[in-house]
Amino acid sequence: MKLNSLLKMTVLATGTLGLGAMSASAQDITLGFVTHAQGNPFIQQIIDGAEAAGKDLGVTLEVAQQPGSQAEGQLKLTQNFANAGAQGVATSIQGEAMTRGLNDLVDAGVRIVQFNTLSTNIKAPYVGEKSVESGRVLGKMIVDKLGGAEAKGTVILGICFPGIQVLENRSQGVQESLKAAPGLNVLGPYDVKVSEVENYNRWQQLYAANPDAVAMIGLCAPDIASLGKLNAENGDKFVAGGYDLTEPNLKAIQDGHAYVSIGQSAFVQGYLPVALMVHAIKNDKPLEVGFYDAGAQIVTADSVDMGNGLPAISFEEAIRLAGDAAATAEYYKAWSQKVMADPTAGMQPIAAEAE
């Protein structure tokens with residue numbers, strides 16, 4: 001397979017994990033893993049999780065990435081893997097234009113798993129956060145920081161990929177919680193783009209137009225780093241919050257320029273899709289449509305909740321894990337071993353994702 005952004009990693013079975021006693025045939029399995037937003041550190045954390053699963057299970061894992069968010073490009077990379085003989089492909093969903101093509105692959109026997117972003121019209125399971133609920137959590141954290149029900153002022157929302165359902169769901173949840181303070185005037189969500197430079201520039205423009213804003217909330221991975229920089233340049237006058245536990249985001253919180261980040265368990269979003277595909281292939285079964293909750297993480301400078309029953313860690317340890325794939329895999333080891341016992345445990349109806 002020839003893809004400009006293709007990374008091929010062939011790994012051998014370790015013998016420590018392995019979906020029962022079937023690991024001897026693992027070397028015959030090749031899987032594809034397709035992501036959007038190439039180069040984004042949060043997306044790399046998802047890839048790290050997928051590669052950890054590939055190593056634990058002893059399968060061949062190939063990763064392809066595209067810049068930005070184009071449904072047609074994402075589908076093409078997925079189809080390329082299937083055409084090259086991959087028995088399963090995990091992909092984020094960048095629009096309904098992917099639906100028919102992915103359903104055709106499912107009908108042809110290719111195991112498809114959605115992660116990070118989804119379509120409820122695709123006949124495949126989804127691994128990700130409970131998007132509306134995570135927005136509610138973030139919105140409540142911001143309201144509480146601003147003073148609770150008596151809070152007043154302008155709050156600005158930003159979204160990097162307008163129209164992507166899980167992001168729109170996050171926005172819905174945030175706005176639900178912000179209504180607890182009737183004195184808050186919510187503007188947006190505005191399109192703030194995903195690339196580092198564009199993202200910062202959009203936030204800078206929004207703040208210039210609303211210099212009295214008391215809070216700025218991003219719904220995507222690059223936002224907290226941008227908002228932290230913007231806040232530092234303007235005397236830390238607003239509360240900044242958003243998503244994902246990347247090093248730049250956590251450092252913005254550590255330095256006091258941002259308040260809270262909601263993690264969506266990037267390692268889980270990479271690891272579990274691979275485990276699900278391998279389980280289905282080895283057992284010669286189709287994948288059932290359903291929702292697997294990757295879990296939420298809530299991090300401020302004073303508190304770190306990693307979710308998923310994971311051990312408590314300090315803020316400094318959270319920063320270290322954000323940039324260390326091997327240490328993260330070790331931290332998740334007990335969770336990974338539990339998943340290997342039955343990757344399908346805990347499946348919920350697909351509608352539960354947006355509850």
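Tabulated data
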{"item": "Candidates PRO343, PRO349, PRO311, filtered to the one that is in contact (Cβ under 8 Å) with a residue 60 or more places away in the chain and outside the structural domain of ARG170 (by TED's automatic domain parsing)", "result": "PRO343"}
{"item": "Hey, LYS152 in contact with a Leu (Cβ under 7 Å, 6 or more places away or on another chain), surrounded by fewer than 22 Cβ atoms within 10 Å (Cβ to Cβ) and closer than 26 Å to GLU233 by Cα or not", "result": "yes"}
{"item": "Residue satisfying all of: in segment 168-199; touching a residue at least 24 places away in the same chain (Cβ under 8 Å) and of a type in the set (D, E, K, R); nearest to THR117 (Cα to Cα) among these", "result": "ARG170"}
{"item": "Subset of segment 259-311 that is in a loop (DSSP other than H, G, I, E, B) and of a type in the set (A, V, I, L, M, F, W, C) - its residue that is farthest from VAL63 (Cα to Cα)", "result": "ALA301"}
{"item": "Evaluation of GLN79 against (1) under 16 Å from VAL278 (Cβ atoms); (2) in a helix (DSSP H, G or I) (one fails), failing number", "result": "(1)"}
{"item": "Residue check, ILE93 of a type in the set (A, V, I, L, M), closer than 25 Å to ASP244 by Cβ and touching a strand residue (DSSP E or B) at 6+ places or on another chain (Cβ under 6 Å)", "result": "yes"}
{"item": "Enumeration of residues in segment 201-217 that are in contact with a strand residue (DSSP E or B) (Cβ under 6 Å, 6 or more places away or on another chain) and assigned to a helix (DSSP H, G or I)", "result": "LEU206"}
{"item": "Sole residue being part of a loop (DSSP other than H, G, I, E, B) and over 15 Å from GLU288 (Cα atoms), chosen from ALA97, ALA124, ALA86", "result": "ALA86"}
{"item": "Among the residues listed as LEU146, LEU105, the single one being in contact (Cβ under 8 Å) with a residue 40 or more places away in the chain and out of contact with any Cys (no Cβ under 7 Å at 6 or more places or on another chain)", "result": "LEU146"}
{"item": "Matching residues, segment 274-299, being within 19 Å of PRO41 (Cα to Cα) and either out of contact with any Ser or Thr (no Cβ under 9 Å at 6 or more places or on another chain) or polar (S, T, N, Q) (or both)", "result": "GLN297"}
{"item": "Any hit, segment 41-63, residues being without any contact (Cβ under 8 Å) to a residue 24 or more places away in the chain and either assigned by TED's automatic domain parsing to the domain that holds LYS333 or not hydrophobic (A, V, I, L, M, F, W, C) (or both)", "result": "yes"}
{"item": "Yes/no for ASP212 being buried (at least 18 other Cβ atoms within 10 Å of the Cβ), of a type in the set (D, E, K, R) and outside the structural domain of GLN94 (by TED's automatic domain parsing)", "result": "no"}
{"item": "Identity of the residue in segment 176-200, outside any strand (DSSP E or B) and in contact with a strand residue (DSSP E or B) (Cβ under 6 Å, 6 or more places away or on another chain), that ends up farthest from LYS130 (Cα to Cα)", "result": "VAL192"}
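Residues are listed down the side, and each one gets a yes or a no for (1) in contact with a Gly (Cβ under 9 Å, 6 or more places away or on another chain); (2) buried (at least 23 other Cβ atoms within 10 Å of the Cβ); (3) of a type in the set (Ser, Thr, Tyr); (4) in the same structural domain as GLN94 (by TED's automatic domain parsing):
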| residue | (1), (2), (3), (4) |
| --- | --- |
| SER195 | yes, no, yes, no |
| ARG202 | yes, no, no, no |
| ALA208 | no, no, no, no |
| ILE224 | yes, yes, no, no |
| GLU233 | no, no, no, no |
| LEU250 | no, yes, no, no |
| ILE253 | yes, yes, no, no |
| TYR259 | yes, yes, yes, no |
| GLY270 | yes, yes, no, yes |
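The values are calculated or read from the model by the stated rules, or taken from the named source; none is laboratory data. Small disclaimer: the values here were computed from a predicted structure and weren't measured. As a convention, Cβ positions derive from the backbone with ideal geometry for all residues, glycine included, and neighbour counts pool all protein chains shown.
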